[in-house]
Amino acid sequence: MYYSEIAWHSFKLLNFTHSTTVNALEQKQMSTLLFETLDPIKIPLIKRFYKEHYPGTKPKSDELTIVAYDDSVLVGVVRFRHVGQLRLLTGMAISSSKRGQGIGQQLLAYCVEHILQNDDYCFAYSHLKDFYQNGGFKKISPEQLPADLKTLYQRYTQHGKDLIPMHFRYDR
């Protein structure tokens, strides 16, 4: 499924902003993006991608993984991990050479349209808070997290990660 103008309009409607003007070449690149659910047998491909672009991340076959391809080249990935009865958006990464081109925004817009459900969560790095807020996530206090997620959040932050708990709420 090619996802170009729909994604572009979707993230504009969600108040996504991009600080640079998108020129004709960048528009062409965005029109070639393909998003799909990764078959768990292909997890080794994602492990290599993460090793290069987001070291320390450990994708698992029981997670829902969405990938973004640009002309058949893997350029982005995001995973949804089950924590108890809830889901946690985790491990969103964009290829270093493709950052700043709106691919992350399009990937999140795709997830808003096709994957995310009310009551999904994410732990956003503080510098990405606005990015996730523009995609329908709301900042919450750690005390508002359900028990399973609160335990996970505490474990992450005890190791020095500067994370903000966020809750997805989007009325379609």
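The values are calculated or read from the model by the stated rules, or taken from the named source; none is laboratory data. No experiment lies behind these values; they were computed from the predicted model shown. Cβ placement follows ideal geometry from the backbone for every residue including glycine, while neighbour counts extend to all protein chains displayed.
A few remarks follow.
- Restricting the range 55-64 to residues that are surrounded by 15 or more Cβ atoms within 10 Å (Cβ to Cβ) and out of contact with any helix residue (DSSP H, G or I) (no Cβ under 6 Å at 6 or more places or on another chain) leaves a set whose member that is farthest from E36 (Cα to Cα) is E63.
- In this structure, G136 does satisfy being among the small types (G, A, S) and crowded, with 16+ Cβ neighbours inside 10 Å.
- Picking from residues in the range 126-167 that are within 19 Å of R87 (Cβ to Cβ), assigned to a helix (DSSP H, G or I) and of a type in the set (K, R), the one that is modelled with the lowest pLDDT is R155.
- Enumeration of residues in the range 132-145 that are under 21 Å from the mean Cα position of the chain (by Cα) and not aliphatic (A, V, I, L, M): Y132, Q133, N134, G135, G136, F137, K138, K139, S141, P142
- Taking the conditions (1) closer than 27 Å to I41 by Cβ; (2) buried (at least 21 other Cβ atoms within 10 Å of the Cβ) in turn, K98 satisfies each one other than (2).
- Verdict on Y170 being modelled with pLDDT under 95 and either outside any helix (DSSP H, G or I) or not polar (S, T, N, Q) (or both): yes
- Where a residue in the range 32-51 is in contact (Cβ under 8 Å) with a residue 60 or more places away in the chain and its partner, wherever it lies, is surrounded by 13 or more Cβ atoms within 10 Å (Cβ to Cβ) and small (G, A, S), with Cβ under 6 Å and at least six apart: L33/A68; F35/A68
Residue by residue, here is whether (1) under 23 Å from G160 (Cβ atoms); (2) modelled with pLDDT of 95 or more; (3) assigned to a strand (DSSP E or B); (4) of a type outside the set (A, V, I, L, M) holds:
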residue	(1), (2), (3), (4)
K47	no, no, no, yes
K58	yes, no, no, yes
V67	no, yes, yes, no
G76	no, yes, yes, yes
L88	yes, yes, yes, no
G100	no, no, no, yes
L116	no, yes, no, no
Y121	yes, yes, yes, yes
A124	yes, yes, yes, no
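- Any pair with Cβ under 9 angstrom, 6 or more apart, that starts in the range 142-164 at a residue that is farther than 12 Å from Y125 by Cα and free of Cβ contacts under 8 Å to residues at least 24 places away in the same chain and ends at one that is among the charged types (D, E, K, R) and assigned to a strand (DSSP E or B): none
- As for the range 105-112, it holds no residue that is within 21 Å of G84 (Cβ to Cβ), at pLDDT 95 or above and either out of contact with any Leu (no Cβ under 9 Å at 6 or more places or on another chain) or surrounded by fewer than 14 Cβ atoms within 10 Å (Cβ to Cβ) (or both).
Let's see how each residue does on (1) out of contact with any strand residue (DSSP E or B) (no Cβ under 7 Å at 6 or more places or on another chain); (2) touching a residue at least 60 places away in the same chain (Cβ under 8 Å):
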site	(1), (2)
V112	yes, yes
I115	no, no
N118	no, no
A124	no, no
H127	yes, no
K139	no, no
